[in-house]
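Laboratory data are not the source of any read-out in this text; all were calculated from the coordinates shown. Quick caveat, the model's predicted, so the values are computed rather than measured. Because the Cβ atoms are built from the backbone with ideal geometry, glycine has one as well, and the counts that use them run over all protein chains shown.
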Amino acid sequence: MPLDHRRLRGPDESQPPALWAAGAEEDEAGAGEGEAAAAPRDPCALRPLFARAGLLSQAEGSAYVELSGGTKVLCAAWGPREAAEPGGTAAAAGGRLSCEFRRAPFSGRGARPRPGGAAEREAEREAAAALREALEPAVRLARYPRARLAVSALLLQDGGSALAAAVSAASLALADAGVEMYDLAVGCALCRDPGDPAGPWLLQPGEAEERRAAARLTLALLPALNQVSAVLGGGRGGDPEGWGQALRLGLDGCHRLYPVLRQSLLRAARRRDAAHSA
């Protein structure tokens, strides 16, 4: 099924923005005072996460993941479909996973590349390649010879840790579509403050923390297998022991997020069963 690039895919049910306008204005008015008075956060604390699977009726599988602080990602999954190159060598060995990552025009709060420009397209291609690298080890592609699975991730709002949230949402969408998987891929992001090269790594940084970070790291884990599917990042993170500390912290964060995603998938399955039996 071809993807429709001319419009933004959203949930079937929505609420008017006027319901949230008053609360948003109050939050913006007190943002400056709140940031100035806020105490340093616990570097090991996870941002509250909301996840829901099975939102879109137009896709075979879908998921929505939101992090406290403003990160919102919507993912849809399709497949398996017949591969475009049925005679290719890659198709003969197993299925193929194609990933798409897009940013909504309204997703950024501050300065960002011109929508649709070369810089933004290149950033989206890099994010799509990273998403595919994180998801491929979790999917049993050998069970889908000469077939193609498609995943589309739409970043509705970037509040930091967007790629990690997209990994979790895309994994949920694939599982919701009934794709055979070894395990859910759980994403977790970390960063290090440039003012303190020997300081602690921060779990699930916000957009402002990522912008001024000296080093960034995004980790994808298959918790049931205790297998790392991807490690993405770079920067000045200090000595090798510092990077090892970041990996251990990220693994712990992924294990703590895993029950939330699993329960979201179970709730979606129960809703689907109830709808079929009704």
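For the reader, a short list of remarks on this structure follows.
- Karplus (6.51, -1.76, 1.60) ³J(HN,Hα), θ = phi - 60°, over region 132-143, in Hz, Gly and Pro reported as x: 5, 4, 6, 8, 4, x, 8, 9, 7, 5, 5, 7
- Stretching Cys44 away from Arg143 to a fully extended chain increases their span by 31.8 nm, per 0.36 nm per residue minus the current alpha-carbon distance.
- Applying 0.36 nm per residue to the separation of Ala274 and Phe106 and subtracting their alpha-carbon distance, the gain on full extension is 56.9 nm.
- Peptide ranges 118-124, 164-170 listed from the most packed, as the mean C-beta count within 10 angstrom indicates: 164-170, 118-124
- Here the Debye sum runs over all C-alpha atoms of region 130-226 as equal scatterers in vacuum, and log10 of I(q)/I(0) at q = 0.12 Å⁻¹ comes out as -0.45.
- Computed from the C-beta positions of Glu180 and Ala123 and an R0 of 22 Å, the FRET efficiency is 0.10 to the nearest 0.05.
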